[in-house]
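Worksheet for the structure shown next.
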């Protein structure tokens, strides 16, 4: 009997470490969950450990950008990302990233970080300016590390995002940076991220999720970006690949 209990405990521990074990075994009707319980469910919905610790991500789509009264269509918008295994500051650049966006065949956005330097259409950028730019964009990655040592979670309330009831969880990283995430109460989809930036309060809304058979990955097909409650752009992702080999040269402009 003791041996059986020990084996059962071992299996539970393994599943929990993989990020796919549902610790909330009580009836979902009572909704008496901790922030950690909800976060585990969100990780499972997003794709478990495969989603939590990817090596790289490639996203392909198009964008709509708003400036004053004008609307601009970018027929091609792509992002390439190489991830670090650790993240102590949710709002600083780490790993590698490249974002490129074209309108009428012309590069409007060309921005990259090679792990040390930031580049745009004018070349290598001053570090101070680059840090401010990335601080206005980086934040979503905190949720992948939210259950790591050094991070803390607080369930700060409930909300409604696009007609869906959500839990709002504040994620505090080891650098004491704070990022809020809204997770749907019925399906545990991550539908909103919000955080303070040098440009003001920033939030993004995620919807139109889709997957591919070969990946355990729940990808948002539509990302709407706001600064100080004003929509600046929306990105429509139509395809993605995970853990492809992305060469270092891709991130140097």
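How high is the relative contact order of the stretch 33-251, in percent, with contacts defined as C-alpha pairs under 8 Å that are six or more residues apart? Working shown, then result.
On the way: 489 pairs, mean separation 49.6, N = 219.
Relative contact order of the stretch 33-251: 23 percent.
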**Between 0 and 90°, nearest 10: helix 35-46 axis offset from the chain longest Cα axis** = 60
**Simple spin-label estimate for residue 121 and residue 208 in nanometres, 7 Å along Cα-Cβ** = 2.5
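Just how many % of Cα pairs in the stretch 33-251 lie over 21 Å apart, if you round to the nearest whole percent?
Numbers: 13256 of 23871 pairs.
Everything past 21 Å amounts to 56 percent.
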**Fill in**
Listed residues 108, 183, 205; largest mean-square fluctuation, Gaussian network over the chain with Cα springs below 10 Å, found at 108
**Asked** For the pair residue 34 and residue 249, what calculated FRET efficiency results from E = 1/(1 + (r/R0)^6), where r is the Cβ-Cβ distance and R0 = 45 Å, to the nearest 0.05?
**Response** 0.50
**Asked** So if we plug the beta-carbon distance of residue 163 and residue 128 into 1/(1 + (r/R0)^6) with R0 = 41 Å, what FRET efficiency do we get, rounded to 0.05?
**Response** 0.50
**Request:** Please work out the Cα center distance from the stretch 45-73 to the stretch 126-181, rounded to the nearest Å.
**Result:** 17
**Message:** Helix 2-17 against the longest principal axis of the chain: what's the angle in degrees, Cα atoms only, rounded to the nearest 10?
**Reply:** 10
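Return the inverse of the average 1/r over all pairs of distinct C-alpha atoms in the stretch 144-208, which is the Kirkwood hydrodynamic radius, in Å to one decimal. The partial results should precede the final answer.
Numbers: mean 1/r = 0.0810 Å⁻¹.
Taking the inverse mean of 1/r over all distinct Cα pairs, the stretch 144-208 comes out at 12.3 Å.
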**Asked** Taking square-rooted eigenvalues a ≥ b ≥ c of the alpha carbon gyration tensor, is the stretch 162-253 rounded, prolate or oblate, where a/c under 1.5 means rounded and, failing that, a/b exceeding b/c means prolate?
**Response** oblate
**Request:** Determine the gain in length on full extension of the stretch residue 231-residue 92; use 0.36 nm per residue of separation and subtract their C-alpha separation, reporting nm with one decimal.
**Result:** 47.8 nm
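Coordinate-derived values only; no laboratory data. Just so it is clear, the model here is predicted, and its values are computed rather than measured. In this analysis, Cβ positions are derived from the backbone assuming ideal geometry, glycine residues included, and neighbour counts consider all displayed protein chains.
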